[in-house]
Amino acid sequence: MQTISGVTSWLFPLAAVLVAALSMPRVVQASGDFYLLYRHWQPYDWPEYVPSASEVSRSQRGLGWSRHGAMGAIGADYDYQPLRIRTGEPAHNGHLHRLVFTGHWQHRLYRLETRAGVAGTSNMFKHQTFHSDVVNGRVAMFRALGEGSPLSLGVGGDHRFGSFQWLPRARWEHAHESGRWLIDLPIMLWWQSYAGRWELLLKRTGDRWATLDQDQEVEGALYLREWRAELTYRIRSAEEQSPEMVVGLGASVDTRVRYRDLEAGTVDRRLGDALLGTIRLNW
């Protein structure tokens, strides 16, 4: 089996950096944020009648940290998604893990957004048996039309629509008494109320996870993508040391998965639409 020894060599240092960042004294973290997240989807109906997969359940647990500065921000995020798909030959175990490091920087007319990390099924990390699809990322570069212009044009590459591809992007950001607006075509629309309590988000999400079968012999990849709309409300605590809570309700639309089946070839299935709920704690 083909493996990448380099992945093992830097996966654990990345995890160590995340742990070290989260354990820094509170004074050092004053310019940063830490969060815990839980998200749960209404079960999807499997498109074909298969007794072992008549319903696909999905949830997400996540945590992360970010630090903001005058020119940008850096962060680290980890999430675990059980996606209960039990069909296919071979069937992967459905436990998807992802650890990524993110950053964005603004310099005069230019803005750079990056993300790099590892994503794969749990047996890859348990047995430390990796292949090239475990490493992925995304990048986008924008240039404002002029000094103080709310409109920027650029290009971005990621897995939001399936396989990695480059797409033209148009980014418009504006603050008004009605709230803050961010439109990033063709992937996102975001609004936040003036007081910061309400947020509305419509975005395209998608990524790739490296997979292995139970016998650790068949290498593959799973692509998961969707349109997600969510309305959230921020509950601030009166006590300074207590976290603020964000609760949200939304919908996952046109959710699709793609994977390789040794019998059927490449399978691209539409799981359908589902409601979702989110609870997030911010420090």
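The values are calculated or read from the model by the stated rules, or taken from the named source; none is laboratory data. For clarity, every value in this text was computed on a predicted model and none was experimentally measured. Ideal geometry is used to build each Cβ from the backbone, glycine not excepted, and the neighbour counts take in all protein chains shown. The area values use the complete protein model at the heavy-atom level, side chains included, leaving out ligands, DNA and RNA. Shrake-Rupley method; radii C 1.70, N 1.55, O 1.52, S 1.80 Å.
Residues in the range 128-174 that are under 18 Å from LEU96 (Cα atoms) and over 17 Å from the mean Cα position of the chain (by Cα): GLN128, THR129, PHE130, HIS131, SER132. Only one of the numbered conditions (1) under 15 Å from the mean Cα position of the chain (by Cα); (2) open to solvent by 80 Å² or more (accessible area, probe 1.4 Å) is violated by GLN214, and that is (1). Annotation note: of TYR80, TYR44, TYR38, TYR49, the sole residue that is modelled with pLDDT of 95 or more, of a type in the set (Phe, Trp, Tyr) and farther than 18 Å from ASN282 by Cα is TYR80.
When HIS127 is tested against (1) touching a strand residue (DSSP E or B) at 6+ places or on another chain (Cβ under 7 Å); (2) in contact (Cβ under 8 Å) with a residue 40 or more places away in the chain; (3) closer than 30 Å to ARG84 by Cα, only condition (1) is not met. Evaluation of LEU276 against the conditions (1) at pLDDT below 95; (2) surrounded by 16 or more Cβ atoms within 10 Å (Cβ to Cβ); (3) touching a Ser or Thr at 6+ places or on another chain (Cβ under 6 Å) shows that the sole unmet condition is (1).
What are the residues in the range 64-73 that are assigned to a strand (DSSP E or B) and open to solvent by 50 Å² or more (accessible area, probe 1.4 Å), if any? Scanning the range 64-73 gives ARG67, HIS68. The residue that is nearest to TYR80 (Cα to Cα), counting only those in the range 98-124 that are open to solvent by 20 Å² or more (accessible area, probe 1.4 Å) and among the β-branched types (Val, Ile, Thr), is THR102.
Taking the criterion of being more than 20 Å from the chain's Cα centre (by Cα) and of a type outside the set (Asp, Glu), the residues of the range 246-268 that qualify are ARG260, LEU262, ALA264, GLY265, THR266, VAL267.
Kindly provide the set of residues from the range 125-138 that are in contact with an Asp or Glu (Cβ under 6 Å, 6 or more places away or on another chain) and either surrounded by fewer than 18 Cβ atoms within 10 Å (Cβ to Cβ) or among the basic types (Lys, Arg) (or both), ordered by number. Correct list: ARG138 only. For PHE130, are the conditions met, namely being within 27 Å of ARG256 (Cβ to Cβ) and in a loop (DSSP other than H, G, I, E, B)? Yes, satisfied. Residues in the range 153-191 that are at pLDDT 95 or above and either out of contact with any strand residue (DSSP E or B) (no Cβ under 9 Å at 6 or more places or on another chain) or closer than 14 Å to LEU202 by Cβ (or both): 12 in all. Exactly one residue out of GLY148, GLY120, GLY154 is among the small types (Gly, Ala, Ser) and outside any strand (DSSP E or B), and it is GLY148.
Filter the range 220-270 down to residues that are acidic (Asp, Glu) and under 23 Å from HIS40 (Cβ atoms) and give me whichever is least open to solvent (accessible area, probe 1.4 Å).
In this case the residue turns out to be GLU226.
Put simply, of ARG225, ARG171, ARG138, ARG197 the only residue that is more than 30 Å from ARG270 (Cα to Cα) and not hydrophobic (A, V, I, L, M, F, W, C) is ARG197.
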